[in-house]
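Written out below as structure tokens is the structure these notes cover.
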Amino acid sequence: MIVVFGSINVDLVFRVEALPAPGETVLTDAYAVHPGGKGANQAVAAARAGGTVAMVGSVGPDGFGERAREALAAAGVDVRFLSLSERATGCAAIGVDGQGRNAITVASGANLDAAHDSVPDEFLGSGTIVLLQNEVRVEQNLLLARRAAARGARVVLNAAPARPLRTKEWSGLLHTLVMNEAELADLLGPERSAEPPHAASRLAQRLGATVIATLGEAGAIATTAAGGGWRIGALALERAVDTTAAGDCFVGVYGQGLAAGLDAPAALRRAGVAAGLACTRAGAQPSLPGAAEIDAQLDRLPPATGL
């Protein structure tokens, strides 16, 4: 089972020729409205990849909240543990340029009321993967991680968006930490100049966890607390249409792989294929591939190799 505790948003997506510079206004013909939020995206990615998924978070008493709930349910995600906040449902304004790059502003709204005690104790056994991200309150993530680790669940934290990570507090709680190269540099502070494999290895040792750094077109690396690790390439694409949910897709499908019993190298490969496929379509949740599509494209990405 996979429990996703995290953010639920609605995305307003603006496709533009170029992302605006500070003080600049750019015009576009229209915008699209899609369900999103890192937590919800990861839940949908895991469900479409074949996982049994429950989403725990908070939405507002508005049309956006209902839309987000319906999208999760339509993807096969258990939505019984969503709470209703007095705040508006979280919302993201996403600009996407002609090369698929994005700039995102998020209003947290109801996500600020997501509470760890909404996750039932019976969901946190040894067969559970718990997925966390940084779009809800950090203290709620930490409280849930402590509960989950104490009951034998494996906790995967996606450190996005980047926030300070007190490694002493999180040490021993995580199975896996996932971030991109910029987030890894932010977490390391004075050590940010280190090459990604060395930087990830240091962080893995401090946390007692596997650390994965996603590197865009360079693929991803994973290092373990015991030393060593793996490298995976990226799926070759003719053109990236929209990279908005690629990271969330990677995390959700990686978590689903662990829940299904795959080892880390195999889970990395499947997540890498899924993330690449997500870049070929517009929108966050609309871009997330299904299990059959991922498996059909698996041979396009060579297996992970040792670092």
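The values are calculated or read from the model by the stated rules, or taken from the named source; none is laboratory data. It should be emphasised that the depicted structure is a prediction, and the values quoted were computed from it without experimental measurement. Note that we place each Cβ from the backbone using ideal geometry, even for glycine, and neighbour counts take in every protein chain shown.
A few remarks follow.
- Residues considered: Leu184, Leu188, Leu142. Of these, the only one that is within 18 Å of the chain's Cα centre (by Cα), surrounded by fewer than 20 Cβ atoms within 10 Å (Cβ to Cβ) and either of a type in the set (Gly, Ala, Ser) or assigned to a helix (DSSP H, G or I) (or both) is Leu142.
- Picking from residues in the stretch 69-91 that are in contact with a Gly (Cβ under 9 Å, 6 or more places away or on another chain) and part of a strand (DSSP E or B), the one that is surrounded by the most Cβ atoms within 10 Å (Cβ to Cβ) is Gly90.
- Counted residues, the stretch 214-250 - those being surrounded by fewer than 17 Cβ atoms within 10 Å (Cβ to Cβ), charged (D, E, K, R) and under 19 Å from Ala182 (Cβ atoms): 1
- Pair list, Cβ < 9 Å and 6+ apart or interchain, from the stretch 289-307 residues that are farther than 16 Å from Leu262 by Cβ and free of Cβ contacts under 8 Å to residues at least 60 places away in the same chain to residues that are small (Gly, Ala, Ser) and surrounded by 16 or more Cβ atoms within 10 Å (Cβ to Cβ): Glu293/Ala274
- Scanning the stretch 275-286 for residues that are of a type outside the set (Lys, Arg), surrounded by fewer than 24 Cβ atoms within 10 Å (Cβ to Cβ) and not in a helix (DSSP H, G or I) gives Cys279, Thr280, Ala282, Gly283.
- Residue tally, condition within 26 Å of Ala92 (Cα to Cα) and of a type outside the set (Val, Ile, Thr), over the stretch 146-185: 17
- Selection status of Arg147, outside any strand (DSSP E or B), modelled with pLDDT of 95 or more and surrounded by fewer than 23 Cβ atoms within 10 Å (Cβ to Cβ): yes
- Residues that are at pLDDT 95 or above, in contact with a strand residue (DSSP E or B) (Cβ under 7 Å, 6 or more places away or on another chain) and not aromatic (Phe, Trp, Tyr) number at least 3 in the following strands (runs of 3 or more DSSP E) confined to the stretch 1-68: 2-5, 53-59.
- Annotation: of all residues in the stretch 287-307 being part of a helix (DSSP H, G or I) and in contact with a helix residue (DSSP H, G or I) (Cβ under 6 Å, 6 or more places away or on another chain), the one that is surrounded by the fewest Cβ atoms within 10 Å (Cβ to Cβ) is Leu298.
- Residue selected from the stretch 251-274 under the condition surrounded by fewer than 19 Cβ atoms within 10 Å (Cβ to Cβ) and more than 27 Å from His198 (Cβ to Cβ), by the criterion farthest from the chain's Cα centre (by Cα): Gly261
- Residues of the stretch 253-270 that turn out to be in contact (Cβ under 8 Å) with a residue 24 or more places away in the chain, under 17 Å from Leu301 (Cα atoms) and of a type outside the set (D, E, K, R), as a count: 7
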